[in-house]
1. Of everything in the stretch A:249-285, what is aliphatic (A, V, I, L, M) and assigned to a strand (DSSP E or B)? Give them in sequence order.
2. Regarding the stretch A:222-234, can at least one residue be identified that is touching a Pro at 6+ places or on another chain (Cβ under 7 Å), crowded, with 16+ Cβ neighbours inside 10 Å and in a strand (DSSP E or B)?
3. Quick check: anything in the stretch B:18-27 in a helix (DSSP H, G or I), away from chain A (no Cβ under 14 Å) and among the small types (G, A, S)?
4. Just wondering, is there one or more residues in the stretch A:100-112 that are surrounded by 14 or more Cβ atoms within 10 Å (Cβ to Cβ), without any contact (Cβ under 8 Å) to a residue 40 or more places away in the chain and under 19 Å from the mean Cα position of the chain (by Cα)?
5. Quick check on this structure: which one of B:I44, B:I59 is part of a helix (DSSP H, G or I), β-branched (V, I, T) and more than 14 Å from chain A (Cβ to nearest Cβ)?
6. Is it fair to say A:Y46 is of a type in the set (S, T, Y), in a helix (DSSP H, G or I) and under 35 Å from the mean Cα position of the chain (by Cα)?
7. When you look at A:L141, is it surrounded by 17 or more Cβ atoms within 10 Å (Cβ to Cβ) and assigned to a strand (DSSP E or B), yes or no?
8. Pick out the one residue from B:L37, B:L7, B:L83 that is within 14 Å of chain A (Cβ to nearest Cβ) and assigned to a loop (DSSP other than H, G, I, E, B).
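The values are calculated or read from the model by the stated rules, or taken from the named source; none is laboratory data. Bear in mind that the values here come from a model prediction, so they are computed numbers and not experimental data. Methodologically, a virtual Cβ is constructed for each residue, glycine included, from the backbone with ideal geometry; neighbour enumeration extends over all protein chains shown.
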Amino acid sequence: MARSIQEVFDAAVTEGIRLATDANLPDVVTMFGNTSRVAIWKILFYAVAFIIHALEVIYDLFRAEIDNDISLLKPHSARWYANIAKLFQYGFNLVAESDYYDNTGLTQDQITAAQIVAYAAVVEQQRGIRIKVAKIVGNDLGALASNELDAFSEYMEEVKDAGIKLLITSGVADDLKSTLRMFYNPLVLAADGSRIDGTDPSPVQTAFNNYLKNLPFNGIFAPSLMVDQLQAVDGVVLVKDDLWQARYGALDYTNIDVQYNPDAGYLRIDPSNLAITFIPQSPIL
Amino acid sequence: MKVVKILLGQTISDIAVQELGDAERSMEVADLNGLSLSDDLTSINTLLVPDYDTSKVNIVNLFSDPANAPASNDVSGNTAAELEGIGYWYLENDFVVQ
């Protein structure tokens with residue numbers, strides 16, 4: 001973005017005073033102190049500042065032209081769809097015949113607040129593409145409300161490439177169900193899974209939920225990686241996973257064999273679905 | 001957006017100051033007319049100019065009288081006087097060695 005003439009001028013004056021001071025040229029420093037509106041140095045500096053400003057404006061124009069050319073030429077990748085989805089602003093109208101918003105006069109905070117789509121994943125399907133999105137609710141992910149989803153769908157219809165069929169979904173988290181046998185070190189953990197020193201009432205459950213939260217959006221859930229995480233918890237000696245099941249929507253739970261790709265893009269577990277049996281076990285060295 | 005007649009000796013930045021009250025918008029005027037900022041306007045009669053910003057209305061009013069119009073291009077036709085002296089003289093042109 002081109003700087004204004006005044007900005008270039010001020011930058012040049014600051015730099016000029018610094019150089020003159022460093023080179024110990026008191027006459028030049030005095031010259032900068034001449035505040036007359038028609039001081040020769042001011043006229044010269046202004047002329048140079050004007051030229052630099054003009055050059056920067058030319059660069060901006062050049063860049064805009066190049067951007068425009070690229071946007072017309074480039075076929076859009078799945079990554080582009082994910083990026084453009086995150087640029088959606090709820091409650092704003094697009095600039096006519098374009099795929100961007102006019103944000104002049106808005107602060108960055110206002111723009112960020114309007115960009116409700118925090119996560120977007122694009123999956124290619126046989127017919128068109130599917131876009132999964134989620135927003136931030138509290139400190140967790142959540143589904144877009146129906147108004148928001150309608151607005152978002154309309155936005156994507158406006159900005160998408162011609163001929164692309166979109167399926168846009170924003171669902172609540174997939175449900176996970178798990179039964180575990182936890183062999184714990186009785187020197188560190190108590191029989192209910194809490195830490196004996198009282199610093200954490202449920203370190204295993206916390207690690208379990210943190211792992212789910214830290215999965216990338218639309219990332220693969222792998223039970224064996226989860227077991228690794230749980231075995232890293234202080235006081236846990238071994239973990240035997242007896243059951244892994246997941247479901248989305250109101251469908252039935254299905255067993256997870258090796259990995260699971262959450263349909264909503266993310267996965268959560270209800271505390272009642274996480275059954276852990278704690279069994280004391282001496283540490284295995 | 002309006003069409004402005006160019007007076008003798010006016011440059012694009014003169015027009016920007018006169019019509020928009022802001023030299024910073026010179027490039028905008030040049031771009032709008034498909035010209036370069038330093039193009040000579042002697043062969044052009046009119047320029048297309050965007051609307052001025054309301055905050056600059058005082059400057060625009062000041063220059064609305066053609067008698068006040070800025071014209072910074074040199075139209076006298078005079079070129080700078082040739083420099084004299086041993087450092088500027090050419091052999092066979094200013095002096096002859098015999």
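1. Residues satisfying the conditions are A:L267, A:I269, A:L274, A:A275, A:I276, A:I279.
2. Looking through the stretch A:222-234, none of the residues is touching a Pro at 6+ places or on another chain (Cβ under 7 Å), crowded, with 16+ Cβ neighbours inside 10 Å and in a strand (DSSP E or B).
3. Checked the stretch B:18-27: no residue is in a helix (DSSP H, G or I), away from chain A (no Cβ under 14 Å) and among the small types (G, A, S).
4. Looking through the stretch A:100-112, at least one residue is surrounded by 14 or more Cβ atoms within 10 Å (Cβ to Cβ), without any contact (Cβ under 8 Å) to a residue 40 or more places away in the chain and under 19 Å from the mean Cα position of the chain (by Cα).
5. Selected residue: B:I59, the only one of B:I44, B:I59 that is part of a helix (DSSP H, G or I), β-branched (V, I, T) and more than 14 Å from chain A (Cβ to nearest Cβ).
6. no
7. So A:L141 fits the description; yes.
8. Every option except B:L37 fails the conditions.
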